[in-house]
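First the structure, in the form of structure tokens, and then the observations on it.
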Amino acid sequence: MLAVDTVLSFTNFACCPGTSIPPGLFINNGVYSTNGGLTSVEWDLTSIYNSSKYSDSADLFMTVPIVMTAVCSNGATNLAATGIAGSNALCTLKSGYQNLLHQIEITANGKTIHDMQAFSNVYNNFKLLSSLSTTDLQSNAVSLGMSPMLDNEKSMRYFSTAVIAAQNGVGLTNNIAYPANSTLTVVAAQNATANNSFNSAIQSRSSRYVDTSTNGAAFNRIYGAGGIMDATALNAEFKPYFVINNDGGATASVMTWYDLAIIPLKYVVDGIDKIGLVKKMDIKVRCFFNCGSVQVTVTAPDTATVYRAVASNFGGSCPLTVNFLGNTSLPANTTLLTAGVFVARSPTTLGSSTAITIPAQTHTMTAARMYYSQVSLDISRDNEYITQNRQKQVVYERILYNTDSNIVSGGNVSRLVNSGIKNPLAICVIPLLAKSASAISLSQFESPYDTCPATYSPISLTQLQVSLGGVNVLNTQLSYTFENFLEQVALAESHSSADLGLAVGVISQSWWESNRVYFVDLSRGKQADKASPRNVNVSFRNNSLVSIDVMYFTVYADKFTIDVETGIVNDKV
């Protein structure tokens, strides 16, 4: 595997003219927002070519430097974070680095094979969970920014308004990181109703960061002064770590987490997984990352800590959680907690409601990288492979996104989701708590108290029916259960080829009951029908007590041909 180092050009940072680019490295130009909204990053891979070797597109993966910051203040003054137990666990990224990625576009030889679809991370999260095995989750998921276990569905709490003291947020929450009776105590009022009221997956994700602050007591005396490694050594290998920096004055208040997001492209774009071996990788990648900051209103930080209102300037999903650690985990007099996630470096001004000024926190790796492999074939097999694949047909999955907002309790929905779609494979319906019903005026995926979109919501949809070209797909309207979910996923898996479809993966019944995904197979039917443009309609009833927003992801098959030697992509056939 060779390092394709994609050196990024920031708004105020550019590669110096004449920079020596090692073999296999090339320049990338990314445009970065300074505080909130989606951040654009682009890679141009057209220079990848070797006449004697191949590159496997399925091996492509990006590594993106991530800086996460948090500052506690009283609204006017930043407060020192040193000496505060557990500050290194105050913020964590939500499960899976793919949730940093809002949209992605892939062009091959100038032709679009994957177009921009908003909230693609929501569907990709479900697809990844349904594809991983328990062994994968234990051994490989950590490299993808996940935990060896899923976020605990039993630790979810729902607060429609401010209900009690020591409250960990408003709306659907899942950010309690530690159990009662631990060093970081969560009050008994939160834990009286369940034994598993904390999210152990947050602990696992937090433990990836070496705590180099004075709070970390030199991290078991291995890291830090007098240890085996220090921050300089950690930087040299880009290891994730936590530090508390000064705010530009004498106050050590800027809590900073440095991370390196690893995102295999095959998990977010199915076409990349299906192209296979090519000599010329004539591909351009354009991504939009979820970057920005949130501000959380805090009361009684040293007695009965309460998280309440939230202001956010994230353009898509909020990729971090502000964790509830107990009643002594924030500086005294804290009224405002500001936290943000940025690519490569933070801006000097954070916040959307109250401006917080800090020095820019810069990652050691100022360049996002795309890695690729090189494969050599025996000369006889090389010639045979090229001869047989001058017009290689690539069949792959694509998605279309649509949404409904503010469906009231007991409301009935019957709507056209997509018109004129060919070769539909499935439709995935994901209900979330409505933004209009939220006491913090944020969608569920925008909340720093919730682990969404790595998790979803326990919203019940009944009387579910899907029609395709005017014909009902389901025999009857369903009060959709986990058994229906298993059946529909199994149909998609068994009816399609081995390269298409889904498996249940690590999704258990208890997880699904709290994170409802309504999946309906659309792949069955005659070939003549599949080739004809048809409409997809969905109807259901909101069988919950709250208003909901619904995301629809229609999955369909597409195809194109590629010359494996020249990388030329022909029009779709």
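Can you list the helices (runs of 4 or more DSSP H) lying wholly within the range 199-269 that have 3 or more residues being surrounded by fewer than 19 Cβ atoms within 10 Å (Cβ to Cβ), of a type in the set (Phe, Trp, Tyr) and not assigned by TED's automatic domain parsing to the domain that holds residue 449?
Numbers: elements: 200-206, 217-222, 231-236.
So the answer is none; nothing clears 3.
Which of the residues spanning the range 335-346 are within 20 Å of residue 64 (Cβ to Cβ), crowded, with 24+ Cβ neighbours inside 10 Å and not hydrophobic (A, V, I, L, M, F, W, C)?
Hits for the range 335-346 are 340, 346.
For the range 134-148, which residues satisfy the criterion of being outside any helix (DSSP H, G or I), surrounded by 15 or more Cβ atoms within 10 Å (Cβ to Cβ) and out of contact with any Phe, Trp or Tyr (no Cβ under 7 Å at 6 or more places or on another chain)?
Scanning the range 134-148 gives 146, 147.
Among the listed residues 544, 523, 532, 539, which satisfies the condition of being in a loop (DSSP other than H, G, I, E, B), in contact with a strand residue (DSSP E or B) (Cβ under 6 Å, 6 or more places away or on another chain) and not assigned by TED's automatic domain parsing to the domain that holds residue 125?
Numbers: 544 fails: in contact with a strand residue (DSSP E or B) (Cβ under 6 Å, 6 or more places away or on another chain); 532 fails: in contact with a strand residue (DSSP E or B) (Cβ under 6 Å, 6 or more places away or on another chain); 539 fails: in a loop (DSSP other than H, G, I, E, B).
Sole residue among the options that is in a loop (DSSP other than H, G, I, E, B), in contact with a strand residue (DSSP E or B) (Cβ under 6 Å, 6 or more places away or on another chain) and not assigned by TED's automatic domain parsing to the domain that holds residue 125: 523.
Which one of these does residue 142 not meet: (1) modelled with pLDDT of 90 or more; (2) over 22 Å from residue 439 (Cα atoms); (3) of a type outside the set (Gly, Ala, Ser)?
(1)
Report whether or not residue 462 is over 25 Å from residue 198 (Cα atoms), of a type outside the set (Gly, Ala, Ser) and in contact with a Phe, Trp or Tyr (Cβ under 9 Å, 6 or more places away or on another chain).
On the way: over 25 Å from residue 198 (Cα atoms): yes; of a type outside the set (Gly, Ala, Ser): yes; in contact with a Phe, Trp or Tyr (Cβ under 9 Å, 6 or more places away or on another chain): yes.
Yes: the conditions hold for residue 462.
Of all residues in the range 547-573, how many are over 30 Å from residue 453 (Cα atoms) and either in a loop (DSSP other than H, G, I, E, B) or of a type in the set (Phe, Trp, Tyr) (or both)? Explain how you work it out, then say what you get.
Residues of the range 547-573 that are over 30 Å from residue 453 (Cα atoms), as a first pass: 560-573.
Pick out the ones that are also either in a loop (DSSP other than H, G, I, E, B) or of a type in the set (Phe, Trp, Tyr) (or both) and you get 560, 563-568, 571-573.
So the count comes out to 10.
So residue 284 passes all but one of these: (1) farther than 25 Å from residue 358 by Cα; (2) part of a strand (DSSP E or B); (3) touching a helix residue (DSSP H, G or I) at 6+ places or on another chain (Cβ under 7 Å). Which condition number does it fail?
Failed condition: (3).
Just checking: which of the strands (runs of 3 or more DSSP E) contained wholly in the range 289-352 hold 3 or more residues that are among the hydrophobic types (A, V, I, L, M, F, W, C)? First the steps, then the outcome.
Working: elements: 306-312, 320-322, 336-343.
Counting at least 3 such residues, we get 306-312, 336-343.
Could you tell me whether residue 396 is closer than 30 Å to residue 49 by Cβ, outside any loop (DSSP other than H, G, I, E, B) and not charged (D, E, K, R)?
Judged against the criteria, residue 396 is a match.
The values are calculated or read from the model by the stated rules, or taken from the named source; none is laboratory data. Note that the structure is a prediction, hence the values are computed from the model and not measured. Virtual Cβ from ideal backbone geometry, glycine too; neighbours counted across all protein chains shown.
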